[in-house]
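Asker: Attaching a single structure in structure tokens format; questions to follow.
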Amino acid sequence: MRQEARIEPMLDDTGRPAVFAPLCRSIISARAESATMFGSLCSDPGCEMLLDLYWRDSQGLKTSLTSFCLASKASEMTGRRCLAEMEAQRIVERFPDPFDKRRIYVRLTATGRDKMDACFQTLLSGYAQTCHDCARKCGDAPDGARQEVPFCIAIDGVRQFRR
């Protein structure tokens, strides 16, 4: 990879790499699996673009305007409309390539990163509550009965998430 294709990876307030990058990667993979199963039925171009940009920024990779629009998995016009809305909300910004004046890069602004982090935090809080509820419901009840939870199964007597 050319040196000029790298940027500084996203760091949190303490200087550590973006803590939600692994979650972002998992969401990207899950969305790709959904697209395989359902096609464009589960398409959300803006979300695809933001997830891809967050991941690339977290890894210290520059994202060209072309690549950013391709991440939408929609038409170029749809990608550009999403970009315009993101710029209006000040969650992304464009910046020129200092080595090639024809190329434009896109990156999350501090506001954009904060909003993405808040979304990931909300997702994790929801997952944590679900896990807490599952553990509570799947545990032994005082009368020895177990309550079944739709997404949990017992494997060798241990409750696990159903896939």
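The values are calculated or read from the model by the stated rules, or taken from the named source; none is laboratory data. Because the structure is predicted, anything quoted here is derived from the model rather than measured. Cβ atoms come from the backbone with ideal geometry, glycine included; neighbour counts cover every protein chain shown. Ligands, DNA and RNA are excluded from the accessible area calculation, which covers all protein heavy atoms including side chains. Shrake-Rupley method; radii C 1.70, N 1.55, O 1.52, S 1.80 Å.
Asker: Can you run down the residue pairs with Cβ atoms below 6 Å, 6 or more apart or on separate chains, where the first is in segment 36-58 and closer than 21 Å to L23 by Cβ and the partner is in a helix (DSSP H, G or I) and polar (S, T, N, Q)?
Answerer: C42/S34; P45/T78
Asker: Taking into account only those residues within segment 86-100 that are over 15 Å from L51 (Cα atoms) and in a loop (DSSP other than H, G, I, E, B), which is most open to solvent (accessible area, probe 1.4 Å)?
Answerer: R90
Asker: Moving on to the next point. Does any residue of segment 118-131 turn out to be assigned to a strand (DSSP E or B), open to solvent by less than 70 Å² (accessible area, probe 1.4 Å) and modelled with pLDDT of 90 or more? First the steps, then the outcome.
Answerer: Step one: filter segment 118-131 for residues assigned to a strand (DSSP E or B), giving none.
Checking segment 118-131: not a single residue is assigned to a strand (DSSP E or B), open to solvent by less than 70 Å² (accessible area, probe 1.4 Å) and modelled with pLDDT of 90 or more.
Asker: So which helices (runs of 4 or more DSSP H) stay within segment 14-75 end to end and still have 2 or more residues that are open to solvent by less than 60 Å² (accessible area, probe 1.4 Å), closer than 17 Å to L124 by Cβ and in contact with a helix residue (DSSP H, G or I) (Cβ under 9 Å, 6 or more places away or on another chain)? Working first, answer last.
Answerer: Working: elements: 21-38, 45-58, 65-70.
Per the criteria, 21-38, 45-58.
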